[in-house]
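Participant: I am attaching a structure below and will ask some questions about it afterwards.
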Amino acid sequence: MTQTGPARPAEQARIVLGIETSCDETAAAVVVGGRQVLSSVVSSQIDLHARFGGVVPEVASRAHAELIGPVVADALGEAGVDDADVHAVAATCGPGLVGALLVGVSTAKALALVWDVPFVAVNHLEAHLYACLLDAPDLEPPLLVLLVSGGHTLLVHMEDHGRYRVLGRTLDDAAGEAFDKVGRYLGLGYPGGPAIDRLANEGDPQAIAFPRAMRDAGYDFSFSGLKTAVVNHVRRHPDVDTADVAASFQDAVVDVLVAKARRAATDLGVNAMCLGGGVAANSSLRRRFTEAADEEGLRSLVPSPAYCTDNAAMVAATGWWTLQRTGPSPLDTGAVPNLTLS
Ligand code: KG4
Ligand code: ZN
């Protein structure tokens, strides 16, 4: 790899290489000016973890270490960008699995050091918020973002760049976690979310009236009761059609998510209501979220599925905005497994 000249001032930095290794996707991307994606490469480890029914941290770290070099090379190659064109390197520093995070953070710091460009540490949750902006270059805060992933369920008021107010969060399981646990219980394998989404298309969402915890009260969520209700229903009705269970379960989750996002968006008077996180790839959630916004006369933004699940384009974009706001991160920044959004 070639060595670049002196570091460019942060305010001039436009081409950012992003690196994402917080869980089971090894990803790298090249993004210009926080919005224009030149490349986004994702190498999924799902097949490696599927036989264990979930992500095995040690397996994930080793796979990241093997894959990160080729993935970064692919991202630069696809973007047609030379090492010397990269103005900053951003990596997810948390939240996530500590060993997995360290691979991305160490790689990004090493590249920044060798290329003599700024390193930027990125909060993975903030990156999911910024994923919305990748598909809508004109979108500006204030925004309401429903962030639903395997580890988090957050209703966020993005007041401005770098200014977030968490309105509500899950009191127990994250939405994606509920999909994955129910998927595993129904024998659909890992991850359960996409499998339930597919099977639900063949079932009746009205077949079983599963509970909608706290649907019309406050902004917090709870999904563990729903998961238990699914298990109890299947135990009591062993011959039940699995597609009906999948469709009814999905309907209950989506119903609560959309109701709260809609209420928050109208309460706050935002520019748009946006979806983010892996569960935002869910077809029913995407459709009903958009319908709800239309009914309220609000703009909605549902990122393309590739920007909903973990990717590095959102990390590079967040890195660029962070660089403009607060400048580079110190090179002694470490991985922060339990980092929150504040
Ligand atoms: O954001 P993400 O890729 O990783 C985390 O940061 O957690 O989200 C992964 C989660 C998993 O729980 C997966 O089951 C869920 O997103 N997911 C879906 C769908 N695609 C992925 N859930 C429901 N429907 C989908 N189509
Ligand atoms: Zn994520």
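Participant: Say each of ARG51 and ARG236 gets a label point 7 Å from the Cα, pointing the same way as Cα to Cβ; how far apart are those two points in nm?
Facilitator: Label at ARG51, label at ARG236, 3.9 nm between them.
Participant: Might you list the cysteines of the chain that have no disulfide-compatible partner by the rule of another cysteine's Cβ under 4.7 Å?
Facilitator: Cys with no partner Cβ under 4.7 Å: CYS23, CYS93, CYS308.
Participant: Can you tell me how much longer the chain between ALA73 and ARG287 gets when fully stretched, taken as 0.36 nm per residue apart minus their C-alpha distance, in nm with one decimal?
Facilitator: Full-extension gain reported as 73.4 nm.
Participant: Also: Just the number please: accessible area per residue for the stretch 236-342, 1.4 Å probe, all protein chains included, in Å².
Facilitator: For the stretch 236-342, the solvent-accessible area averages 38 Å² per residue.
Participant: May I pose another question? For the stretch 120-278, report the % of Cα-Cα distances exceeding 27 Å.
Facilitator: I get 27 percent for the Cα pairs in the stretch 120-278 exceeding 27 Å.
Participant: If I compute solvent accessible area with a 1.4 Å probe over the protein chains, what percent of it on the chain is carbon and sulfur?
Facilitator: Using a 1.4 Å probe with all protein chains present, the chain comes out at 51 percent carbon and sulfur.
Participant: Cα to Cα, under 24 Å, and not fewer than 8 places away if on the same chain: which lysines meet these conditions relative to LYS260?
Facilitator: Once the sequence-local lysines are set aside, what remains near LYS260 is LYS181, LYS227.
Participant: Quick one: helix 98-115 against the long Cα principal axis of the chain, what's the angle to the nearest 10°, folded into 0 to 90?
Facilitator: Between helix and principal axis, roughly 30 degrees.
Participant: Here's a follow-up. Using helices alone, I'd like the mean residue ellipticity at 222 nm for the chain: each DSSP H run of four-plus residues gives -39500 (n - 2.57), total over residue count, nearest 500.
Facilitator: Helix contribution divided over all residues of the chain: -14000 deg cm²/dmol.
Participant: Based on the alpha-carbon gyration tensor of the stretch 15-173 and its eigenvalue square roots a ≥ b ≥ c, which shape applies: rounded if a/c is under 1.5, prolate if not and a/b is larger than b/c, or oblate?
Facilitator: oblate
Participant: Quick check on packing: order 296-306, 49-59 by the mean number of other C-beta atoms within 10 Å, highest mean leading.
Facilitator: 296-306, 49-59
Participant: Let me ask something additional. Provide the three semi-axes, in whole Å and in decreasing order, of the ellipsoid equivalent to the stretch 93-157 as defined by the square roots of 5 times the Cα gyration tensor eigenvalues.
Facilitator: 26, 17, 8
Participant: Just need the relative contact order of the chain here, percent rounded to a whole number, with Cα pairs under 8 Å and 6+ apart.
Facilitator: After rounding, I find 25 percent.
Participant: Ok, one more. Suppose every Lys and Arg Cβ carries +1 and every Asp and Glu Cβ carries -1, with no other charges. What dipole size does the chain come out with about its Cα centre, to the nearest 20 debye?
Facilitator: Dipole size: approximately 580 debye.
Participant: Also: Mind listing the phi-derived Karplus ³J(HN,Hα) values for the stretch 136-145, rounded to whole Hz, using 6.51, -1.76 and 1.60 with θ = phi - 60°, and x for any glycine or proline?
Facilitator: Computed from phi, the couplings for the stretch 136-145 are 9, x, 8, 6, 9, x, x, 10, 9, 10 Hz.
Participant: Hey, another quick one. How fast does the stretch 119-191 diffuse by Stokes-Einstein, in µm²/s, taking the Kirkwood radius from C-alpha pairs at 20 °C and 1.002 mPa s?
Facilitator: Translational diffusion coefficient: 156 µm²/s.
Participant: Follow-up question, since we're still on this one. Pop the C-beta distance of GLN206 and ARG184 into the FRET formula with R0 = 41 Å and round what comes out to the nearest 0.05.
Facilitator: The formula returns an efficiency of 0.95 here.
Participant: Another question, then. Listed highest first by mean packing, meaning other Cβ atoms within 10 Å per residue, what order do 223-236, 17-30 come in?
Facilitator: 17-30, 223-236
Participant: Excluding LEU275 itself, what net charge comes from residues whose Cβ is under 13 Å from its Cβ, given Lys and Arg +1 and Asp and Glu -1?
Facilitator: Local charge sum for LEU275: +4.
Participant: Sticking with this one: Which far-off residues, 5 or more places away or on another chain, put their amide H under 5 Å from the one on SER39, with H placed in the peptide plane?
Facilitator: Answer set, sorted by chain and number: VAL30.
Participant: Turning to a different aspect of this structure: State the extension gain, in nm to one decimal, for the chain segment bounded by LEU113 and ALA306, taking 0.36 nm per residue of separation less the distance between their alpha-carbons.
Facilitator: That pair, LEU113 and ALA306, stretches by 66.5 nm at full extension.
Participant: Rounding to the nearest 10 and keeping the result within 0 to 90°, find how far the Cα-based axis of helix 313-326 lies from the longest principal axis of the chain.
Facilitator: Result, in degrees: 60.
Participant: Place the peptides 124-134, 329-339, 81-91 in order of packing, highest mean first, counting for every residue the other Cβ atoms within 10 Å and averaging per peptide.
Facilitator: Top of the packing list down: 124-134, 81-91, 329-339.
Participant: Once each part is reduced to its C-alpha centroid, what is the distance from the stretch 282-342 to the stretch 221-273 in angstrom?
Facilitator: The two parts, judged by their Cα centres, are 22 Å apart.
Participant: Considering the alpha-carbon set of the chain alone, what are its Rg and its Dmax in angstrom?
Facilitator: Looking at the chain, its Cα Rg and Dmax stand at 20.1, 69 Å.
The values are calculated or read from the model by the stated rules, or taken from the named source; none is laboratory data. Because the structure is predicted, anything quoted here is derived from the model rather than measured. Note that we place each Cβ from the backbone using ideal geometry, even for glycine, and neighbour counts take in every protein chain shown. Ligands, DNA and RNA are stripped out before the accessible areas are found, and what is left, the full protein with its side chains, is counted by its heavy atoms. Shrake-Rupley method; radii C 1.70, N 1.55, O 1.52, S 1.80 Å.
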